[in-house]
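Read through the structure below, which is laid out as structure tokens, and then see the notes.
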């Protein structure tokens, strides 16, 4: 038996290696693009309310924004004049394309304005505990 591989096997191995490389590059680029689109925004820590509406992005959904900014979804849908049914999992970009295709960024700007109007006011930090002044010792 010869230790040389059949030319067809060699060609198949080369094609599979190239296919695997292209597969890896394709999905790697998709992951990189998704990571860049994510823009690093994360919800605030528990107990804190997000107040910066400039962090709202087109990829976010109404339910995510509602939970992050403590504004009921009802107010957002009313401001957009669209029904909540069937739109719960759609991004702001998808909602804009579906309901307002002629007005770029309408949904995003409307949601930002709605958040500014309806989000709860930040509570002032609790007042420091006041210590009563020391009492004067009794006079002898």
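Coordinate-derived values only; no laboratory data. Source: prediction; values computed, not measured. Neighbour counts run over all protein chains shown; Cβ positions are idealised from the backbone, glycine included.
Residue exposure proxy: 85, 92, 12, 115, ordered by other Cβ atoms within 10 angstrom of their Cβ from fewest to most, comes out as 85, 12, 115, 92. Going by neighbour counts of Cβ atoms within 10 Å, the residues 107, 71, 53 line up, fewest first, as 53, 71, 107.
For a Förster distance of 25 Å, can you work out the FRET efficiency between the beta-carbons of residue 78 and residue 34, rounded to the nearest 0.05?
0.20
The share of alpha-carbon pairs in segment 53-118 lying farther apart than 13 Å comes to 57%.
Here 100, 77 are placed in order of increasing Cβ neighbour count within 10 Å, fewest first, which gives 100, 77. Here the extension length gained between residue 59 and residue 89 equals 9.7 nm, from 0.36 nm per residue of separation less the Cα-Cα distance.
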